[in-house]
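Everything on this sheet refers to the single structure shown next.
The values are calculated or read from the model by the stated rules, or taken from the named source; none is laboratory data. This structure is a prediction, so every number in the text was calculated from the model and none was measured. FYI the Cβ positions are ideal-geometry reconstructions off the backbone, even for glycines, and counts take in every protein chain you see.
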Amino acid sequence: MDVLYIVVPCYNEEEVLPLTIPEFKKTIVDLVTKGKISPLSRILFVNDGSKDKTWEILEKEHQEDEKVLALKLARNAGHQNALLAGLSVAKEKADIMVTIDADLQDDITKVEDMVDEYHNGCQIVYGVRDNRKSDSFFKRFTAQGFYKFMNRMGVETIYNHADYRLMSKIAVEELSKYTEVNVFLRGMVPLLGYKTSCVYYSRSKREAGESKYPLKKMLSFAFDGITSFSIKPINMIVGLGVFVLFVCILAAVYAFISYFTGNTDSGWTSLILSIWFIGGIQLLSIGVIGQYIGKIYKEVKRRPKYNIETVLDDNNKNN
Ligand code: UDP
Ligand code: MG
């Protein structure tokens, strides 16, 4: 029977974990009882450098229940890297892995449907929100704008899918061949291929604690996704260049007409305007190209994406 690992990134989640851990455990127990997964299935919490009591809570849970495993990253590596760290540890033991947020805003009862889809032959199953009623207007507006903007900028993502997904061992092993340092899983996973499907659910409110994705982080996440995935911004600069050239031709025609009608002085205004305009465009272009150079720089350095400090697994339990 297939071993399922639920991988849960946790950053400063001391308020929400006591509420959600029982639900995680119940999900495993239910699926084992129904004979859909092996009794060796586990929940693997990844503590992403939390500054609060998150790790203490996880250690205690691990002592009390063998279903709870925990991994501690040596520093805050970020949501995406925490997920990758968890998956890299889970894939050694698991046949199927589900990633889900610690706050359980995503409907964990859908794990069963995901497992069913896996048994139908899917290697990847995406959890997709069918509405955003529970989000505030602001969150809904910015989050939906995020997906639309990403797609327009040439990053193909699954609409309204975050990082709640099931992946088979094969899919995770293939994913680990993507050695890039700038990780954007929502763009990378669809690149893998395989038979995939979607499971729909409605997202609930965060029960406790605060969102770790305020607008500022979301914007930098979007910017990261775009610059690691797409050269569309560069193409847009080319388009802008063509446009400026066109404006220049019009300006030249205007200057000539002014010259032949003896109004040369008044041409000075348009000339100075174009100089400023072109200067601005050039600065902008250099800035964007600089962003790409920055990415190349980071890739070339090949820094480790995360450093594991401790692994609490079945082997080092002393009772
Ligand atoms: N998270 C993480 N590292 C970070 C930020 C967030 O592991 O640096 C985790 C967090 O604990 C949660 C998940 O990523 O399990 C999603 O964060 P959150 O629920 O705050 O985001 P939102 O649902 O508001 O988009
Ligand atoms: Mg959340």
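Scan the stretch 207-223 residue by residue and report those that are part of a helix (DSSP H, G or I), basic (Lys, Arg) and either at pLDDT below 80 or within 14 Å of ligand 2 (Cβ to nearest atom) (or both). Before the answer, list the steps.
Let us first name the residues in the stretch 207-223 that are part of a helix (DSSP H, G or I), namely 215-223.
Remaining after also requiring basic (Lys, Arg): 216-217.
Across the stretch 207-223, the qualifying residue is only Lys217.
Determine whether Ile234 is more than 13 Å from the chain's Cα centre (by Cα) and either in a helix (DSSP H, G or I) or more than 16 Å from ligand 1 (Cβ to nearest atom) (or both). Step through it out loud before you land on a result.
Numbers: more than 13 Å from the chain's Cα centre (by Cα): yes; either in a helix (DSSP H, G or I) or more than 16 Å from ligand 1 (Cβ to nearest atom) (or both): yes.
It is true that Ile234 is more than 13 Å from the chain's Cα centre (by Cα) and either in a helix (DSSP H, G or I) or more than 16 Å from ligand 1 (Cβ to nearest atom) (or both).
If Thr33 satisfies every condition in (1) touching a strand residue (DSSP E or B) at 6+ places or on another chain (Cβ under 7 Å); (2) more than 13 Å from ligand 1 (Cβ to nearest atom) but one, which is the exception?
Unmet for Thr33, out of (1) touching a strand residue (DSSP E or B) at 6+ places or on another chain (Cβ under 7 Å); (2) more than 13 Å from ligand 1 (Cβ to nearest atom): (1).
For the stretch 180-199, indicate whether the set of residues that are over 23 Å from Asp106 (Cα atoms) and among the hydroxyl-bearing types (Ser, Thr, Tyr) is non-empty.
yes
Of the residues Val125, Val155, Val183, which is over 20 Å from Leu215 (Cα atoms), more than 15 Å from ligand 2 (Cβ to nearest atom) and in contact (Cβ under 8 Å) with a residue 24 or more places away in the chain?
On the way: Val155 fails: over 20 Å from Leu215 (Cα atoms); Val183 fails: over 20 Å from Leu215 (Cα atoms).
Of the residues listed, the single one that is over 20 Å from Leu215 (Cα atoms), more than 15 Å from ligand 2 (Cβ to nearest atom) and in contact (Cβ under 8 Å) with a residue 24 or more places away in the chain is Val125.
Please name all residue pairs, on different chains or six or more residues apart, with Cβ atoms under 8 Å, provided the first residue is in the stretch 91-116 and is on the phi > 0 side of the Ramachandran plot and the second residue is within 16 Å of ligand 1 (Cβ to nearest atom) and not in a helix (DSSP H, G or I).
Leu104/Val16; Leu104/Ser204; Leu104/Glu207
When the stretch 186-206 is examined, which residues are found to be within 14 Å of ligand 1 (Cβ to nearest atom) and without any contact (Cβ under 8 Å) to a residue 40 or more places away in the chain?
Arg186
List pairs: first in the stretch 207-225 and at negative phi, second among the polar types (S, T, N, Q) and more than 13 Å from ligand 1 (Cβ to nearest atom), Cβ under 7 Å, 6+ apart or cross-chain?
From residues that are at negative phi, the pairs are Asp224/Asn182.
Scan Asp101, Asp135, Asp107, Asp116 and give me the residue that is more than 16 Å from ligand 2 (Cβ to nearest atom) and charged (D, E, K, R). Talk me through it step by step, then tell me what you get.
Details: Asp101 fails: more than 16 Å from ligand 2 (Cβ to nearest atom); Asp135 fails: more than 16 Å from ligand 2 (Cβ to nearest atom); Asp107 fails: more than 16 Å from ligand 2 (Cβ to nearest atom).
Selected residue: Asp116, the only one of Asp101, Asp135, Asp107, Asp116 that is more than 16 Å from ligand 2 (Cβ to nearest atom) and charged (D, E, K, R).
Return the residues of the stretch 89-131 that are away from ligand 1 (no atom under 16 Å from the Cβ) and among the β-branched types (Val, Ile, Thr); say none if nothing qualifies.
Once the filter is applied, which keeps residues that are away from ligand 1 (no atom under 16 Å from the Cβ) and among the β-branched types (Val, Ile, Thr), the stretch 89-131 yields Ile96, Thr109, Val115, Ile124, Val125.
Taking Lys216, is it more than 18 Å from the chain's Cα centre (by Cα) and surrounded by fewer than 17 Cβ atoms within 10 Å (Cβ to Cβ)? Explain how you work it out, then say what you get.
Working: more than 18 Å from the chain's Cα centre (by Cα): no; surrounded by fewer than 17 Cβ atoms within 10 Å (Cβ to Cβ): yes.
Judged against the criteria, Lys216 is not a match.
Which numbered condition in (1) touching a Lys or Arg at 6+ places or on another chain (Cβ under 7 Å); (2) under 25 Å from Leu219 (Cβ atoms) is the only one that Asp101 fails?
Of the numbered conditions (1) touching a Lys or Arg at 6+ places or on another chain (Cβ under 7 Å); (2) under 25 Å from Leu219 (Cβ atoms), the odd one out for Asp101 is (1).
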